[in-house]
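The values are calculated or read from the model by the stated rules, or taken from the named source; none is laboratory data. This is a predicted model, so every value here is computed, not measured. Don't worry about glycine lacking a Cβ; one is built from the backbone with ideal geometry, like all the others, and counts go over all protein chains shown.
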Amino acid sequence: MSPFKFAIINPLLHNELRLKIMVALDSLKSANFMYLCEITGATRGNLSVQITTLKEAGYLEVDKSGSGPSSRSICRITRQGRDALHTYEQGLHRLFTEDVPADNEDQQQAI
């Protein structure tokens, strides 16, 4: 068996909404919850769940102020989150650019 291995793709970031959140916050200093809702097209409930998941992973910091309808949440990507996002990007690039070595010609022709 060949020692070749595909790049490891972070399953936490391999989710459309979580990836959109991380990419947005990677380019912004911070963003409030409603802005993230707007640019990702997510519902508030789904966005809240995904932000919590990313926060628990250490990828985001969330500062909340106020309570009730006037509450405000500001999200920022952490260093750990930025590193994870860039590793994810490199892994995807590797996945699409590295050739999978074939053990023999029969396997190549099967494709």
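Data overview
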quantity	calculated
Test result for residue 99, part of a loop (DSSP other than H, G, I, E, B) and without any contact (Cβ under 8 Å) to a residue 12 or more places away in the chain	yes
The one condition in (1) farther than 18 Å from residue 82 by Cβ; (2) modelled with pLDDT under 95 that residue 9 fails to fulfil	(1)
Among (1) farther than 21 Å from residue 10 by Cα; (2) of a type outside the set (Phe, Trp, Tyr); (3) at pLDDT 95 or above; (4) not in a loop (DSSP other than H, G, I, E, B), the one test that residue 73 misses	(3)
Top-ranked residue in segment 3-24 [being more than 18 Å from residue 90 (Cβ to Cβ) and in contact with a strand residue (DSSP E or B) (Cβ under 9 Å, 6 or more places away or on another chain); ranked as surrounded by the most Cβ atoms within 10 Å (Cβ to Cβ)]	21
